[in-house]
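**Q** Have a look at this one before I ask anything.
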């Protein structure tokens, strides 16, 4: 888990406090992430940060300032 990251200026405890999710976790960013639009799935490359909130997660890509919310599946993939 050495590759897990949180946003700059944040601690995992702060994320848990603000989200109200005591089990929020910084997840390994090496996982498949797909963007689904009108039934079409597109692979998103290079997640930098993945934060898990039970079955939901937030993903920030390496070269993108936006955050994406998705569903976290049992196999570790994000859609």
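What follows draws every value from the coordinates through simple rules; no lab data is involved. It should be emphasised that the depicted structure is a prediction, and the values quoted were computed from it without experimental measurement. Neighbour counts are summed over all protein chains in view; Cβ atoms, including those assigned to glycine, are modelled from backbone coordinates with ideal geometry.
**Q** Would you check which residues across segment 5-27 are in contact (Cβ under 8 Å) with a residue 12 or more places away in the chain and either in a helix (DSSP H, G or I) or surrounded by 15 or more Cβ atoms within 10 Å (Cβ to Cβ) (or both) and list them?
**A** 5, 6, 7, 12, 15, 19, 21, 24, 25, 26, 27
**Q** Evaluate the following for residue 30: is it part of a loop (DSSP other than H, G, I, E, B) and touching a helix residue (DSSP H, G or I) at 6+ places or on another chain (Cβ under 6 Å)? Break it down into steps so the answer makes sense when it comes.
**A** Numbers: part of a loop (DSSP other than H, G, I, E, B): yes; touching a helix residue (DSSP H, G or I) at 6+ places or on another chain (Cβ under 6 Å): no.
No, not satisfied.
**Q** Determine which single condition residue 43 fails, assuming it passes every other condition in (1) loosely packed, with under 10 Cβ neighbours inside 10 Å; (2) assigned to a loop (DSSP other than H, G, I, E, B); (3) free of Cβ contacts under 8 Å to residues at least 12 places away in the same chain.
**A** (2)
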